[in-house]
Amino acid sequence: MVGNRNPLLIQLLKNQVRLLIDLCNLNLFYFSMKHKNYLFKSLQAGLLIATAFLSSCATESKPDLGIKHIIVIGVDGMSPDGINKAQTPVIDSLVKYGASTFEARAVLPSSSSSNWASMIMGADTEQHGITSNGWEANDHTLPAVVSAHDSRFPSIFTLFHDQKPEAHVGTIYDWDGFGRLYNTEDVAFDINGEHEDGTTQDAIAYITEHKPDFTFIHLDHVDHVGHSEGHGTESYYQAVEKADHLIGSIIASTKEAGIFDQTLFIISADHGGLGKGHGGESLNEVNIPFILYGAGVKNGYTIEETVYQYDNAATIAFIAGLETPQAWIGRPVKSAFVGFEKPVLRYKKQKQLLAPVLLPKNGPYAPSGGLFTTSNIEVKLNNPNTTGSIYYTLDGSDPSEKNGLEYTAPFTVDRTTLVRAIVAKTGKAPSTISSGNYRLIPSKKKPGVLFRIYPLENLTSLPDFRNLKASQTGNIMEFESGILDSLDSAASTAIVFNSVLKIDTSGSYTFYINSDDGSKLYIDEKLVVDNDGDHGVQERSGTINLNSGAHTIKIEYFNGGGGYYLDAQYKGPGIGKQIIPAGKLNLN
């Protein structure tokens, strides 16, 4: 009866409650105090029961949205920037006539396996345990907190399998790694398509033939271009435009199948990107689109509440009437649907000023500035906002309106200098801090880093270098991966860097490695930073106490494939966090 409450019955109950209250007010005068109290308590109890019943009706019932079919289209690596700057008439139309946010967030790390898992599992990495692209069902570090029919965490496919076994559920995906994330026994149709065109045609054929209850489609070509050509390039935007066309073809197929008017479409992505990679914590990598369109969806609605990767599965479960596991943390985005009110948000999304740009820039990962053999270098700062002022420091301290110099014009530095800057304005949240590392060395300074290159195969972690023979050796000024640019192939290549670091002041020093893929840093043969593994650009750090004087420093690094990057930074007494400068590195 709870699931089929009659509005007439509810209204009748409301009328009965009002009648009882009126009778109480009319007749209480004729009762003794004893009877009065008894009658009052009885009516009070009845009123509480009725109120609870009515409240239950209000919270558990939902409008009939007319949704009989659900199609999720996930585009690997498609960022909000990609949609905004590419020509995407289909997606633009979905946004105009649907509900959307371009500020949904991926989970960390912003890698593919972790995020596709969260999208279909309604949970984060600490619940489902898929913490990297190296995860396999029988080879992983962190076990799932709960498991379904095998060692995997229960997915949205599991819920359909267990609670609606009569439902027709299918998955069509362009990346074979997607298929390992869930139990294929939970779906009726499972196919690894042939590139984006073949995958789309397989999806269209499946929809046309089966008119499935739930379909999950994965397209991979945008991510491929992001890795090969770079996010934000013309090739990347062209790949997004092709994704837009393919999405249009899939939607059109539902019209031909006669199910368009009863279909909910969800368009999203696993992550964005920066440069030729992803996996880090920047907004470029973490912000993703979340677009709902079709049956039951509000028209032109902007989703203002926070949306996370794992809310995707929760929203599907809500629409399909599936009970979600206790271990899921995802919440359905109810406000996107007709009949559900916009939530009252006590805490709003933060609107920060954009961080200043220090010139020269050095790509998406490296700090601004660079290594210079001149006696001085001009520093330029740009404010990307239409308001606010730039404040900067030269001593490594945090800049602010009170602690910092206001930038009014370019200035010069004549020694290795760390410039840190923000944009601030009274009454607004200041920007994050931007840093520029300007390293000046004499033109006759000899390279202070020795490198050895080892071409290997199928690297997913650092090798044991003790019995390996280097194919190439040489000297460079600082620790960096640019030497891979000259190789025919940088895939599955390992490098060992050695140098001697001069420490001027005794004290505690923190070292940082930012790398794609794995790396380790040793001081005096002691491991200080461990950033090993197959991953996108990510930073790890470690701290060690050092006396003044010379200390050996070694960095081991590898690139398994795709994009690559490495830098090494440190901070200590009187030294703000910065690239370990060439002026402090020597070979003896």
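Give region 431-444 a look and list any residue that's touching a helix residue (DSSP H, G or I) at 6+ places or on another chain (Cβ under 9 Å) and either surrounded by 15 or more Cβ atoms within 10 Å (Cβ to Cβ) or not in a loop (DSSP other than H, G, I, E, B) (or both), or say none.
Answer for region 431-444, where residues must be touching a helix residue (DSSP H, G or I) at 6+ places or on another chain (Cβ under 9 Å) and either surrounded by 15 or more Cβ atoms within 10 Å (Cβ to Cβ) or not in a loop (DSSP other than H, G, I, E, B) (or both): Arg439, Leu440, Ile441.
Pull up region 447-483, narrow it to residues that are of a type in the set (Ser, Thr, Tyr) and crowded, with 18+ Cβ neighbours inside 10 Å, then point me to the one that is modelled with the highest pLDDT.
Step one: of region 447-483, the residues of a type in the set (Ser, Thr, Tyr) are 454, 460-461, 471, 473, 481.
Going one step further and asking which of them are crowded, with 18+ Cβ neighbours inside 10 Å, we end up with 454, 481.
Working: Tyr454: 96, Ser481: 93.
Only one residue fits best here, namely Tyr454.
Which one of these does Asp64 not meet: (1) within 28 Å of His535 (Cα to Cα); (2) out of contact with any Asp or Glu (no Cβ under 8 Å at 6 or more places or on another chain); (3) surrounded by fewer than 22 Cβ atoms within 10 Å (Cβ to Cβ); (4) free of Cβ contacts under 8 Å to residues at least 40 places away in the same chain?
Condition (1) is where Asp64 drops out.
Scan Ser155, Ser147, Ser151 and give me the residue that is farther than 25 Å from Val537 by Cβ, crowded, with 16+ Cβ neighbours inside 10 Å, among the small types (Gly, Ala, Ser) and more than 20 Å from the chain's Cα centre (by Cα). Spell out how you get there, then give the answer.
Details: Ser155 fails: more than 20 Å from the chain's Cα centre (by Cα); Ser151 fails: crowded, with 16+ Cβ neighbours inside 10 Å.
Of the residues listed, the single one that is farther than 25 Å from Val537 by Cβ, crowded, with 16+ Cβ neighbours inside 10 Å, among the small types (Gly, Ala, Ser) and more than 20 Å from the chain's Cα centre (by Cα) is Ser147.
β-branched (Val, Ile, Thr) and under 26 Å from Gln538 (Cβ atoms): which single residue out of Val413, Val419 fits that description? Lay out the reasoning, then the answer.
Values: Val413 fails: under 26 Å from Gln538 (Cβ atoms).
Going through Val413, Val419 in turn, the sole match is Val419.
Can you tell me how many residues in region 201-211 are in contact with a His (Cβ under 9 Å, 6 or more places away or on another chain) and crowded, with 22+ Cβ neighbours inside 10 Å?
Narrowing region 201-211 to residues in contact with a His (Cβ under 9 Å, 6 or more places away or on another chain): 207, 210-211.
Adding the requirement that they be crowded, with 22+ Cβ neighbours inside 10 Å leaves 207.
The total comes to 1.
For region 120-235, please list each of the helices (runs of 4 or more DSSP H) lying entirely inside it that holds at least 3 residues being among the polar types (S, T, N, Q).
So the answer is 195-210.
Test Ser400 against the stated conditions and say whether it is surrounded by fewer than 20 Cβ atoms within 10 Å (Cβ to Cβ), at pLDDT below 95 and either under 33 Å from the mean Cα position of the chain (by Cα) or outside any loop (DSSP other than H, G, I, E, B) (or both).
yes
Just checking, which of Ser235, Ser249 is closer than 25 Å to Ser489 by Cα, among the polar types (S, T, N, Q) and touching a helix residue (DSSP H, G or I) at 6+ places or on another chain (Cβ under 8 Å)? Even if it seems obvious, please write down each step before you answer.
Numbers: Ser249 fails: closer than 25 Å to Ser489 by Cα.
Residue meeting the stated conditions: Ser235.
On the given criteria, is Gly232 crowded, with 24+ Cβ neighbours inside 10 Å and either out of contact with any Lys or Arg (no Cβ under 9 Å at 6 or more places or on another chain) or on the phi > 0 side of the Ramachandran plot (or both)?
no
Within region 316-334, can one find any residue that is within 22 Å of Asn84 (Cα to Cα) and crowded, with 23+ Cβ neighbours inside 10 Å?
Within region 316-334, the first condition is being within 22 Å of Asn84 (Cα to Cα), and the residues that meet it are none.
No.
Of all residues in region 271-295 being of a type outside the set (A, V, I, L, M, F, W, C) and assigned to a strand (DSSP E or B), which is surrounded by the fewest Cβ atoms within 10 Å (Cβ to Cβ)?
Residue satisfying both the conditions and the ranking: Asn287.
Name the residues in region 546-555 that are surrounded by fewer than 23 Cβ atoms within 10 Å (Cβ to Cβ) and either in a strand (DSSP E or B) or free of Cβ contacts under 8 Å to residues at least 40 places away in the same chain (or both), would you?
Result: Leu546, Gly549, Ala550, His551, Thr552, Lys554.
Among the residues of region 296-308, is any closer than 20 Å to Asp174 by Cβ and either assigned to a loop (DSSP other than H, G, I, E, B) or not small (Gly, Ala, Ser) (or both)?
For region 296-308, residues closer than 20 Å to Asp174 by Cβ and either assigned to a loop (DSSP other than H, G, I, E, B) or not small (Gly, Ala, Ser) (or both): absent.
Within region 335-347, restricting attention to residues that are surrounded by 14 or more Cβ atoms within 10 Å (Cβ to Cβ) and in a loop (DSSP other than H, G, I, E, B), which residue is nearest to the chain's Cα centre (by Cα)?
Lys342
Looking at Asp186, Asp202, Asp190, Asp270, which one is charged (D, E, K, R) and in contact (Cβ under 8 Å) with a residue 40 or more places away in the chain?
Selected residue: Asp270, the only one of Asp186, Asp202, Asp190, Asp270 that is charged (D, E, K, R) and in contact (Cβ under 8 Å) with a residue 40 or more places away in the chain.
All but one of (1) at pLDDT below 95; (2) farther than 20 Å from Thr416 by Cβ hold for Gly574; state the number of the condition that does not hold.
(2)
Quick one: His227 ticks every box in (1) modelled with pLDDT of 95 or more; (2) buried (at least 17 other Cβ atoms within 10 Å of the Cβ); (3) of a type outside the set (Phe, Trp, Tyr) except a single one, so which number is it?
Among (1) modelled with pLDDT of 95 or more; (2) buried (at least 17 other Cβ atoms within 10 Å of the Cβ); (3) of a type outside the set (Phe, Trp, Tyr), the lone unmet condition for His227 is (1).
Considering only region 287-333, state which residues are touching a strand residue (DSSP E or B) at 6+ places or on another chain (Cβ under 6 Å) and at positive phi.
Hits for region 287-333 are Gly294, Gly296.
Suppose we keep only residues that are touching a Leu at 6+ places or on another chain (Cβ under 9 Å) and part of a helix (DSSP H, G or I) within region 91-114. Which one would you say is nearest to Ile329 (Cα to Cα)?
Ser114
The values are calculated or read from the model by the stated rules, or taken from the named source; none is laboratory data. Fair warning: this is a prediction, and the values are worked out from it, not measured in the lab. All Cβ positions, glycine included, derive from the backbone under ideal geometry; neighbour counts span all protein chains shown.
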